[in-house]
1. Can you tell me the FRET efficiency between ASP42 and GLU182 if r is taken as the Cβ-Cβ distance and R0 is 30 Å, rounded to the nearest 0.05?
2. Under the classification rounded if a/c is under 1.5, otherwise prolate if a/b is larger than b/c and oblate if not, where does the range 143-269 fall, given a ≥ b ≥ c as square roots of the Cα gyration tensor eigenvalues?
3. Hand me the GluC sites (Glu not before Pro) from the range 34-131 located in a DSSP loop with no more than 16 other Cβ atoms within 10 Å, in residue order please.
4. What FRET efficiency would be calculated for the residue pair ARG293, SER336, taking the C-beta separation as r and a Förster radius of 25 Å, to the nearest 0.05?
5. Rg and Dmax of the chain, Cα atoms, in Å?
6. At most 11 other C-beta atoms within 10 Å and a DSSP loop state: those are the exposed chymotrypsin sites (Phe, Trp or Tyr not before Pro) I care about. Give me the longest piece of the chain that has none.
7. To check my understanding: the extent here is largest minus smallest coordinate of the Cα atoms along each principal axis. What are those three numbers for the range 177-236, in Å, largest first?
8. For the range 197-247, run through the trypsin sites (Lys or Arg not before Pro) and keep only the ones in DSSP coil with at most 16 other Cβ atoms within 10 Å of their Cβ.
Amino acid sequence: MQPEQLMLFEIAPDFRDHKKYRDGIFKTKAQLKEELRQLGRDRIYHVLSFGGGTQSAHLLEQHLQGLIHYDYIIFSDTGAEPQFIHEQVTWWQHRQRACGNTTPFLITHHSSMERGLEEMLMRYIHTDYQRFQMPVYCSTLDPVTGEIKAAGMMPRQCTVDFKIIPVKQAARRAVMELNGLEYRQQMPENIGFIIDIGFSYDEIRRINTSQSPQFKYMRLAYPLAEENLSTADSIRFLEDNGFPTRRSRCYLCPFNCDGARDIGMDWDEIIEAEPLSFLKACWFDTELRRVQRSGSKIMRSIPYLHYSRRPLVEVFAAEYARISAAYRVELAEWVSSWEAAIQEKWNQDELLIRA
Ligand code: SF4
């Protein structure tokens, strides 16, 4: 059979056939609205969790075209996005204005670590802070044979802690203010929220709940998965319209791949676009293993930012040599300014490991 004939028989994806939908983990927006209404929460605020990349930009454009209603567009700054993602966020703010759309566009961050993932990592490295929130690749050392073995990944808690929860908190704060209430007061019993997350159909495995664990009156919806759209569909849509197409992520994200596993977000792009950020990632990668060796951390595995479980400075040896020579001063300034900031903010009660 010819490939064209095979394509005729290709089955179009349908979220209703997926186990996550059949098991009630992923629900449609209509189902979520109905759930809230049945609880008496019929004043529903619709929020877009905007990541600055491709899929949530697709949703934002649908909003600008009048196809989806949002009361708030909220971007949570993880403190480690590359500059080109901040530029894309600004680009979309300009486009929103050019379209005459006035939906509040809020920028928020983690509630106690305002400088985001860099702050979490610096705190982890410089103090006895133990909560490690990034999906690093791990190895373990066999104490008998001395053999180093691959040992899975740490959970991807940073997406929840540094992106999704800050968006929910910002939405809650905005609606409380709108209703003349303080943040700590109780949410009126007739108010509910639906927060749209830009997971595509091909990312449906990432959907773990439609109910916010933090706020009982908030539900999480996944409109792109509900439209059976893939990540590639969103990128094609943005390309066809001449919109920016960089994928959103942090510059040090372990899900950055290299050419061999290219999924549109890779280390090469960071090396080329933001060499200093690449150096910072190398610094974190090396320091995390140094701190593990000190024995002061609960985490026992040996962490790596690169999926090969090799140091970044080895994987990209030639690039590292070239860039580190060019940015030595800037890197040293960044390290020492962070040391001072962590000392001032977090070392009141926490032990300084480096000392
Ligand atoms: S892009 Fe990567 S490092 Fe950043 S929040 Fe998401 S999973 Fe974590």
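No value in this document is a laboratory result; all are computed from the given coordinates. Only a predicted model underlies this, so the values are computations on that prediction, with no experimental measurement involved. Please note: Cβ atoms are built from the backbone with ideal geometry, for glycine as well, and neighbour counts cover all protein chains shown.
1. E(calc), rounded to 0.05, equals 0.80.
2. Verdict is oblate for the range 143-269.
3. Filter output for the range 34-131: GLU114.
4. 0.65
5. Gyration radius and largest Cα-Cα distance of the chain: 22.1, 71 Å.
6. 10-182
7. 43, 22, 16
8. Taking the range 197-247 and a limit of 16 other Cβ atoms within 10 Å, the loop trypsin sites (Lys or Arg not before Pro) found are LYS216.
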